[in-house]
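Written out below as structure tokens is the structure these notes cover.
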Amino acid sequence: MSVSAVSWHVVQTRPRSENKAALHLQRQGFDVYLPRYLKRRSHARKVDFVPTPLFPQYLFVAVDLETQRWRAVNSTVGVTRLICHGQRPVEVPCGVVDSLQRRHDAQGFVQQHRNVLKPGQKIRVRDGAFSDFLGFFESMNDGERVAVLLDLLGRKVRVVMSADVIEAA
């Protein structure tokens with residue numbers, strides 16, 4: 001008697017078709033996990049939060065390779081391909097999906113872990129007008145914006161920017 005071995009695999013979807021692909025895979029009887037988070041979006045002086053895939057163009061599907069028709073995944077609406085190595089789907093390492101699911105909040109969104117910076121800590125700007133500038137972390141405003149001190153023209157200048165564009169140096 002063989003034991004059923006369901007494991008998680010990665011599916012690449014068409015651009016912005018993650019929800020469509022997930023729906024069609026579920027209709028075929030597959031367990032699907034599409035991790036999402038609330039992304040801050042600002043437009044026309046208005047800030048809101050929109051559900052966004054944590055891994056754009058990718059989702060997870062649980063498949064028993066011995067009993068399920070896993071090749072049907074490749075012809076599913078919204079799917080580009082099931083990620084394979086040779087002819088066999090690549091298995092996601094144990095615990096990856098579970099650890100993402102444990103980080104869900106009450107609404108089912110993955111909580112992002114931000115680096116906690118201390119005042120005076122050296123930082124590097126990763127993106128934007130000050131890309132690759134080094135400076136010092138000063139403070140965090142609303143959880144999304146940070147104040148940093150950058151060395152500009154021979155003096156320290158306080159600049160406020162998105163927390164997403166800095167990292168510890």
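The values are calculated or read from the model by the stated rules, or taken from the named source; none is laboratory data. Model, not experiment: these values are computed from the prediction. Because the Cβ atoms are built from the backbone with ideal geometry, glycine has one as well, and the counts that use them run over all protein chains shown.
Residue pairs whose Cβ atoms lie under 6 Å apart, sitting 6 or more positions apart in sequence or on different chains, and linking a residue in the range 38-54 that is closer than 24 Å to residue 12 by Cβ to a partner that is among the aliphatic types (A, V, I, L, M), are 39/50; 54/110.
Specify which of the listed residues (92, 125, 96) is within 30 Å of residue 156 (Cβ to Cβ) and either in contact with a Gly (Cβ under 6 Å, 6 or more places away or on another chain) or of a type outside the set (D, E, K, R) (or both).
Numbers: 92 fails: within 30 Å of residue 156 (Cβ to Cβ); 96 fails: within 30 Å of residue 156 (Cβ to Cβ).
Of the residues listed, the single one that is within 30 Å of residue 156 (Cβ to Cβ) and either in contact with a Gly (Cβ under 6 Å, 6 or more places away or on another chain) or of a type outside the set (D, E, K, R) (or both) is 125.
Residues of the range 64-76 that are closer than 15 Å to residue 24 by Cβ and aliphatic (A, V, I, L, M): 72, 73. Cβ separations smaller than 7 Å between residues 6+ apart or across chains give the following pairs from the range 90-114 residues that are farther than 19 Å from residue 6 by Cα to residues that are part of a loop (DSSP other than H, G, I, E, B) and not charged (D, E, K, R): 103/111; 105/111; 110/35; 110/54. Taking residues in the range 8-21 that are modelled with pLDDT of 95 or more, and partners anywhere that are in a strand (DSSP E or B) and small (Gly, Ala, Ser), the pairs with Cβ atoms closer than 7 Å and at least 6 places apart or on different chains are 8/62.
From 27, 71, 45, grab the single residue that is under 30 Å from residue 145 (Cβ atoms), over 22 Å from the mean Cα position of the chain (by Cα) and not polar (S, T, N, Q).
On the way: 27 fails: under 30 Å from residue 145 (Cβ atoms); 71 fails: under 30 Å from residue 145 (Cβ atoms).
Only one candidate passes the filter, namely 45.
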